[in-house]
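To keep things clear, I will list the structure first and then write my remarks on it.
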Amino acid sequence: MKITKNAVVLILMVLIALLGVILFKDERYNLVIILIVMLSCVPFYFKYEHDKPKTREVVVLAIMIALTVISRIIFMITPSFKPVTVMVIICGVVFGRASGFMCGSLSALLSDFVFGIGPWTPFQMLAWGIIGYIAGIFGKRLYKDKYFLYGYSIVCGIGYSLIMDLWSVLAIENSFNLTRYLAIIMTSLPVMLVYIVSNIIFMFLLSKIMFQILQRVKIKYGITEGKV
């Protein structure tokens, strides 16, 4: 069933791409890319559903998502300087890949009800979702090696900025233009730097205490996924 669901998603992505080529002739395909980005999140949701998490695990994940959303709203007045990425990384490290992706993608979606939902939302969902998923993959090392943890935080700041710059060039050009993309990357370097500094600061402030608290929660409720 898992393979079948993923195959259906892949087929839909290919069909959307082909339809975009036929309709827009490679001139206006930002809508196509947005749809493909949205579909790319679906297999991760299938994976989480397929694992059949216990009610207690769903409740803990819901709390993590709520805390992440709140953390973004609290720092609303400081653009780009927010603890969201750090919260998502911590969730992925402690609770595993699937939970990390769910925390990242759903936090982006739900918080955008406050910040504004638009074509950029799927890119935020995918970016933060991937950050949480990869954090789950390297969970043990990120938990034990603080230098690796801070290094990953820096990479996430760069990666998130690059993905959102992709949306920016699509919004301007209605298609992908490499020259424009590189120009946007150069002009957005100060924002990328804010992402990086923000991640380092919030990781320093939050990681130790949140790792301790969430490890106790895992032991108390018998959550085994993402054991570190």
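Quick notes on this structure:
- M164, sole failed condition from (1) under 20 Å from P83 (Cβ atoms); (2) more than 15 Å from the chain's Cα centre (by Cα); (3) not hydroxyl-bearing (S, T, Y): (2)
- Scanning the stretch 35-65 for residues that are modelled with pLDDT under 70 and in contact with a Phe, Trp or Tyr (Cβ under 9 Å, 6 or more places away or on another chain) yields one hit, V37.
- Output for the stretch 127-142, where each listed residue is out of contact with any Gly (no Cβ under 6 Å at 6 or more places or on another chain) and buried (at least 22 other Cβ atoms within 10 Å of the Cβ): A127, I130, L142
- Screening the candidates V69, V58 for the property of being within 27 Å of L205 (Cα to Cα), in a helix (DSSP H, G or I) and open to solvent by 40 Å² or more (accessible area, probe 1.4 Å) yields one hit, V58.
The values are calculated or read from the model by the stated rules, or taken from the named source; none is laboratory data. Computed from a predicted structure; not experimentally measured. Here the Cβ is made from the backbone with ideal geometry for all residues, glycine too, and neighbour counts use every protein chain on show. Areas reflect the complete protein model, heavy atoms only, side chains present, ligands, DNA and RNA absent. Shrake-Rupley method; radii C 1.70, N 1.55, O 1.52, S 1.80 Å.
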